[in-house]
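In what follows, a single structure is set out as structure tokens and then discussed.
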């Protein structure tokens with residue numbers, strides 16, 4: 001008999017799959033995502049503290065994917081952006097729930113947890129972070 005671990009259990013074991021978890025160096029004050037073992041600025045002098053980021057930020061830059069890689073063709077065209085989180089780190093993410101023509105550099109966004117892709121029709125579904133445009137009051141836009 002083949003032993004298989006529970007897929008939901010596997011996902012629950014990794015907090016970073018559900019939260020934007022990084023570090024803050026208590027020596028230089030810099031924030032990092034993803035988590036680091038050693039502060040890139042202070043090296044061994046740094047003292048790193050675990051931080052769960054708010055998930056809010058602004059679009060720093062973006063591109064429109066029109067000719068998608070294999071497995072993502074059905075989503076094209078879509079927007080991939082570099083998001084500057086309010087805490088400072090920049091992360092890359094997919095912008096969802098907005099018309100492509102409405103996306104602008106500097107727009108406020110908030111992280112959402114969504115399906116990224118699945119392994120075939122009956123395969124494992126992979127989830128992850130995407131970003132959604134929010135208004136000036138940090139409310140999700142419809």
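Key figures for this structure:
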| quantity | calculated |
| --- | --- |
| Residue among 22, 46 that alone is farther than 22 Å from residue 135 by Cβ, touching a residue at least 60 places away in the same chain (Cβ under 8 Å) and surrounded by 16 or more Cβ atoms within 10 Å (Cβ to Cβ) | 22 |
| Among residues of the range 25-43, those that are touching a residue at least 24 places away in the same chain (Cβ under 8 Å) and either assigned by TED's automatic domain parsing to the domain that holds residue 102 or not in a strand (DSSP E or B) (or both), counted | 2 |
| Filter result for the condition that a residue is buried (at least 17 other Cβ atoms within 10 Å of the Cβ) and outside the structural domain of residue 30 (by TED's automatic domain parsing), over 130, 99 | 130 |
| Positions within the range 112-134 being in a strand (DSSP E or B), over 18 Å from residue 68 (Cα atoms), modelled with pLDDT under 95 and out of contact with any helix residue (DSSP H, G or I) (no Cβ under 8 Å at 6 or more places or on another chain), in sequence order | 112, 113, 114, 125, 129, 134 |
| Test: residue in the range 81-91 that is in contact (Cβ under 8 Å) with a residue 40 or more places away in the chain, at positive phi and surrounded by 12 or more Cβ atoms within 10 Å (Cβ to Cβ) | yes |
| Filter result for the condition that a residue is at pLDDT 90 or above, outside any strand (DSSP E or B) and either closer than 26 Å to residue 120 by Cβ or touching a strand residue (DSSP E or B) at 6+ places or on another chain (Cβ under 8 Å) (or both), over 101, 54 | 54 |
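The values are calculated or read from the model by the stated rules, or taken from the named source; none is laboratory data. Note that the structure is a prediction, hence the values are computed from the model and not measured. As a convention, Cβ positions derive from the backbone with ideal geometry for all residues, glycine included, and neighbour counts pool all protein chains shown.
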